[in-house]
Amino acid sequence: MPITSDAFRSALRHFPAGVTIVTIKAGAEQHGLTVSAFTSVSPEPPLIMVCIDRRHSAHALLERPGATFAVNILRADQRALSDRFAYVKDEDRFAVGDWRTAATGAPILADALAWLDCTIYTRQSAGTHTLYIGEVQASHVPEPDVAPLIYWNRDYRALKLDCADEG
């Protein structure tokens, strides 16, 4: 018998994850949400995966024909932007930040640590979520030497970059 969802969440909160804003373009509509369920899948072809709750409005957009998405990997100093895309409901989430348009039409954050612009390669239902595999059409790393925003144990963390020689 599987564990409870509370026990599952309690265990997983101890696994650190990078923080991203996934942005979606579906027809004339765009949307974005904070996502930590993101990973690379394959270098050939270049594939990544995001996991979206079927109850979220982003899910309906990603199910539309021709929908595209981008994954914007956040810098350590972009916590407020992460919160905005996680909690703001009635305002335009894109009113804050330097947003541009990627090759697929999806919004990208120009000053993110890095971004990946994707078309949907495939999707797979999994429990309460859908796994979206994206084929990366374009990417950019505007801030290669900056620390990422990390989420661990129910709070944001910053990765300390230590360039000192330990040898």
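Just so it is clear, none of the values below were taken in a lab; they were calculated from the coordinates. Owing to the predicted nature of the structure, the values given are computational and were not obtained by experimental measurement. Here the Cβ is made from the backbone with ideal geometry for all residues, glycine too, and neighbour counts use every protein chain on show.
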Within the chain: Cβ-based charge dipole about Cα centre, in debye rounded to nearest 20 (Lys, Arg +1; Asp, Glu -1): 640
Rough spin-label spacing in nm, given labels placed 7 Å along Cα→Cβ, for Y87 and M1: 3.7
The chain: relative contact order in percent, alpha carbon pairs under 8 Å with at least 6 residues between: 26
Distance between modelled label sites at A103 and A28, nm, 7 Å Cα→Cβ extension: 2.8
Footprinting exposure proxy for E143, E44, E29 (fewest neighbouring C-beta atoms within 10 Å first): E44, E29, E143
Whole-Å distance, taken between Cα centres, linking the range 76-96 and the range 110-150: 17
Distance between modelled label sites at D155 and Q124, nm, 7 Å Cα→Cβ extension: 3.6
³J(HN,Hα) computed for each position of the range 8-20 - Karplus, 6.51 cos²θ - 1.76 cosθ + 1.60, integer Hz, glycine/proline x: 4, 5, 4, 5, 6, 5, 8, 9, x, 9, x, 10, 10
Order of M1, M49 under a 10 Å beta carbon neighbour criterion, fewest first: M1, M49
Cα-based Kirkwood hydrodynamic radius, the range 90-143, one decimal, Å: 12.8
Diffusion constant of the range 7-152 at 4 °C, which comes from Stokes-Einstein with the Kirkwood Cα-pair radius and 1.567 mPa s, µm²/s: 84
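Cα-Cα pairs above 16 Å in the range 49-121: how many percent?
55
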Highest average packing first - 74-82, 146-154, 121-129, Cβ atoms within 10 Å: 74-82, 146-154, 121-129
Relative pair counts by distance (%), Cα atoms of the range 1-40, 5 Å bins: 6, 17, 17, 17, 16, 11, 9, 6, 1
